[in-house]
Each structure stands twice: as C-alpha cells, then as structure tokens.
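See structure below.
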Amino acid sequence: MEIRDKVAVVTGGASGIGRGIALALAERGAAGIVVADLEEERAAAVTREVTEIGSAGLAVRCDVSDEASVEALAERAWDRFARVELLFNNAGVSGGGPLLDATAKDLRWILSVNLFGVWYGCAVFGRRFRDQQTPAWIVNTGSEHSLGFPHPQAGFYTASKHAVLGLTDVLRHELPPHVGVSILCPGVVRTELYGATRNRPRELGGPSEPDGLAQAVMERGMDPLDVGRLAVAGVEREEFYIVTHPHARRYVEERSREILGAFDRQATADSDADRYDVMRIVGEVLAQR
C-alpha cells in the first residue's frame, strides 16, 4: 500500500500514538491528513506539525463513541480532500481497578470508545472505501492485550482490545479485495492514556483524576512516533498484524502453548475431525442450495 499522495484520517490524533501516526504519514508523503480528536485545539496543533512536514492538514473535533460525529468526520474529510484512502481507528480510553470492584458504567464507557468507536469508523469509512473502488486501508488500534497479555487491574480494557481483534479479523474476510485491514498491537507507549478519564461523560461516571500508577508505567514506554512509524510501515507492507514490542511475543507463545495443550488433552483429532468444522458445514449447506 503506497502512502505517498494518499489522504488519511487518524482518530485520537491529537496526542500519543495518533500524533505519532499523523507525523509518520506526513514523513512518508501523505497528501492530506485529517487529525480527529475530542480536543480540537490539540488536534489543530498536530495539524500544524504535519503541514510543516509537507502534508495538507485538517483538524476535526470528533467523538468516536457517537456515530453521527463519525459520519460528520467523513463528510468533512471528503469535502476537504474529495477522497480518503487510509483510516486509522486509533482513539481509545482505559480505566483501572479490579474487575469485581468495577461498575457497568466503567464497562459502557470503555466499550463505547474502544469497540463502538472502532466499529463506527469501520462502518462509516469502510462503506465509502467499498464504493470508492480504489485501493484503501483500515488500521484498528488494538494492543498487546489483544494477543494474550492479561493485564491485572485493566480487565475491561483488555476485553475491549480482544473484541477489536475479533472484529478486525472478521472484517478483513468480508471487505472486497481493494480494501485492506490491519490491527496495530503495541505494548506500553509513552502516551497520556492514563489520563483518558478527563474526558469521561458524566452519564458514564464523569471525569476523574489520572491514574498515578499507570502514568508512572507509561512514562517509561516507547516513543509514540516510533510506534507511528512502525504502524505506517506495516501498512506499506500490507501486514494484518502490526506489532511493535518484541517482548509481547512471549505472551503469544504462552497463550498458544496453553491452548494447544488443552486440545492435546481434551480434543485430540480423529479421522473425521473436520465433521464439525463450521466453515466446512457452511460450504456444504450452500453447495446443496
């Protein structure tokens, strides 16, 4: 996927990984970059940065948890540039605490941004990409949590990132060949995710103070610009999984061993092991119609 001369939209683009992606896109010669975020002034600052590098920029206030806001974002992007080829569904939030002490409002808030926000972006932009009939790409930001890291004190965040992987995996099998899909799975990055609760809606619990422990951890994370460059390079290589932190391989291997061990002990294959394979069954049923 060629980045040069393409137009991209980046949600959560005012800071952190989103800013890193926007700057990396500009470095690779993107023609236009739409920086979307709840915090429009900060989005405008990133837009100025990408303009200085050489790309045209547009800052748009967008609440990804609101489908109408995402629709308006698409309208603004097409009105400004007449086309979009790249979407980075990057906006995300996190909240800490043990699962048994969490509330339904905690879960609804995290899913409203991390899952519904990703879906709204995929749906609104994906339909346009499908109909546009030119090469396009969607990148959904997951996490090392998507791959097997069971983060204590972040159960809802982990669940949301598992959901993003599932959604993204299905999406890549449903979209036409000219629309590609990736999932970005970073580990700890030096972002302000620890302070995402400052924008939490009142009906879902309202704003709260930043998580001091999470802040101390994240301040030791990878540079967001490095992650942005890896994300853009992954799209150029047309990778589905875009990974950034080598240590996360350990979590993947541990999970794989545990799952395969369970199959070895509980569900060993026989000569007709595929008789319940749902993909095979669907194919046979369709063939009989």
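The values are calculated or read from the model by the stated rules, or taken from the named source; none is laboratory data. Note that the coordinates shown come from a computational prediction; the quantities given were computed from them, not determined experimentally. In this analysis, Cβ positions are derived from the backbone assuming ideal geometry, glycine residues included, and neighbour counts consider all displayed protein chains.
Quick notes
- Options 187, 180; residue that is assigned to a strand (DSSP E or B), touching a residue at least 60 places away in the same chain (Cβ under 8 Å) and crowded, with 19+ Cβ neighbours inside 10 Å: 180
- Restricted to helices (runs of 4 or more DSSP H) entirely inside the range 29-140, those with at least 2 residues that are under 19 Å from residue 162 (Cα atoms) and touching a residue at least 60 places away in the same chain (Cβ under 8 Å) are 104-114, 116-132.
- Only one of the numbered conditions (1) in contact with an Asp or Glu (Cβ under 9 Å, 6 or more places away or on another chain); (2) modelled with pLDDT of 95 or more; (3) among the basic types (Lys, Arg) is violated by residue 280, and that is (2).
- Restricting attention to the range 204-240, the residues being at pLDDT 95 or above and either assigned to a helix (DSSP H, G or I) or not assigned by TED's automatic domain parsing to the domain that holds residue 26 (or both) number 13.
- Residues within the range 198-239 that are closer than 14 Å to residue 96 by Cα, surrounded by 14 or more Cβ atoms within 10 Å (Cβ to Cβ) and touching a residue at least 40 places away in the same chain (Cβ under 8 Å), tallied: 4
- Considering residues of the range 95-130 that are over 16 Å from residue 7 (Cβ atoms) and of a type in the set (D, E, K, R) only, the residue surrounded by the fewest Cβ atoms within 10 Å (Cβ to Cβ): 101
- Within the range 36-43, not a single residue is over 21 Å from the mean Cα position of the chain (by Cα) and under 19 Å from residue 231 (Cβ atoms).
- Candidates 174, 192: the one that is at pLDDT below 95 and charged (D, E, K, R) is 192.
- Residue 145 meets the stated requirement of being under 25 Å from residue 258 (Cα atoms), without any contact (Cβ under 8 Å) to a residue 24 or more places away in the chain, crowded, with 22+ Cβ neighbours inside 10 Å and of a type outside the set (A, V, I, L, M).
- Subset of the range 260-277 that is in a helix (DSSP H, G or I) and not charged (D, E, K, R) - its residue that is modelled with the lowest pLDDT: 273
- Residue tally, condition in contact (Cβ under 8 Å) with a residue 40 or more places away in the chain and farther than 17 Å from residue 165 by Cα, over the range 246-265: 2
For (1) out of contact with any strand residue (DSSP E or B) (no Cβ under 7 Å at 6 or more places or on another chain); (2) more than 23 Å from residue 114 (Cα to Cα); (3) crowded, with 24+ Cβ neighbours inside 10 Å, each residue gets a yes or a no:
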position: 2; (1), (2), (3): yes, yes, no
position: 11; (1), (2), (3): no, no, yes
position: 14; (1), (2), (3): no, no, yes
position: 21; (1), (2), (3): no, no, yes
position: 29; (1), (2), (3): yes, yes, no
position: 40; (1), (2), (3): no, no, no
